[in-house]
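A short worksheet on the structure shown next.
The values are calculated or read from the model by the stated rules, or taken from the named source; none is laboratory data. Computed from a predicted model, the values in this text were never measured in an experiment. In this analysis, Cβ positions are derived from the backbone assuming ideal geometry, glycine residues included, and neighbour counts consider all displayed protein chains. The accessibility values were calculated without ligands, DNA or RNA, using every heavy atom of the protein model including side chains. Shrake-Rupley method; radii C 1.70, N 1.55, O 1.52, S 1.80 Å.
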Amino acid sequence: MVPVGQHMANLRRKGAKNGLGKDPERAAVRAAQLTEIDQDWDCPWPLDWQRHYRVLADLVDADGQLPDIAPGVLMDGDDIGKWLQQQAQPAIWARLLPEQQERLSQLGVTPAEAPSPAPASKGATKGQGKAQQAFQRGLAALAQWVEREGADRPVPRGHSEEIAVDGEAEPVTVKLGVWVSNTKSRRDKLAQDQLTALRELGVEWA
């Protein structure tokens, strides 16, 4: 019996002492052999993402097209329907690498249309605009957390997330744990589209 999972983890280790060996030429040959078996054997994105993607790719290989998979459909113990729905969310799709987007597109997965911002009423104040901007930044940070950690892992209250913001040269730090807690405490005052956006990221209380 060969512990294949542990063997592959060793092969993916970076540095001179990785499982491919110290000799550069031999390591290159071994890497090429592994790529023949699976071009994504050492993918730059999370292995959880690759595992979910392979489940969908196998379905397409078997049926010729991707079937309609609703949230709650489990495959190999994972909620593949919920994961698929999350990948199509504009905020999460935008954070995928181009190679990941290409792989999903080849399966027939396309990003959902982002909801158009509601026109501001004449009585809208600058304060309301800032509140909406803060919500969108918190939502983007939460989408980034969910994509990396999964929707089932709660955000620690002290956790902060760095996100890229249009028009900002440097990443913006969002105190995500505090934002989630505050947003939950005033959920009765959230607009319907805000609640919908939170639900799409797997936020149960929304």
Inset, instruction - Might you report the magnitude of the Cβ-based charge dipole of region 47-97 about its Cα centre, with Lys and Arg at +1 and Asp and Glu at -1, to the nearest 20 debye? - result: 260
Legend entry - region 134-151 and region 52-75: distance between their alpha carbon centers, rounded to Å: 25
Inset, instruction - Starting from the residue with the highest accessible area, list HIS159, HIS7 in decreasing order, probe 1.4 Å. - result: HIS7, HIS159
Legend entry - Cβ charges +1 (Lys, Arg) and -1 (Asp, Glu), total dipole of region 1-82, debye: 700
Legend entry - Dipole-positive endmost among GLY5, PRO46, VAL165 within the chain (Cβ charges, Cα centre): VAL165
Legend entry - Relative contact order (percent, whole number), the chain, Cα cutoff 8 Å, 6+ residue spacing: 12
Inset, instruction - Express in nm, to one decimal, how much length is gained between MET75 and ASP48 on full extension, taking 0.36 nm for each residue of separation and deducting their alpha carbon distance. - result: 8.4 nm
Inset, instruction - Report the charge-dipole magnitude of the chain in Debye, nearest 20, computed about the Cα centre from +1 at each Lys and Arg Cβ and -1 at each Asp and Glu Cβ. - result: 1100
Legend entry - Among ALA151, ALA70, GLY21 - extreme Cα towards positive end, dipole of the chain, charges at beta-carbon: ALA151
Legend entry - Under 18 Å from the Cα of LYS130 - aspartates and glutamates, other chains or at least 8 residues apart: ASP166, GLU168, ASP193
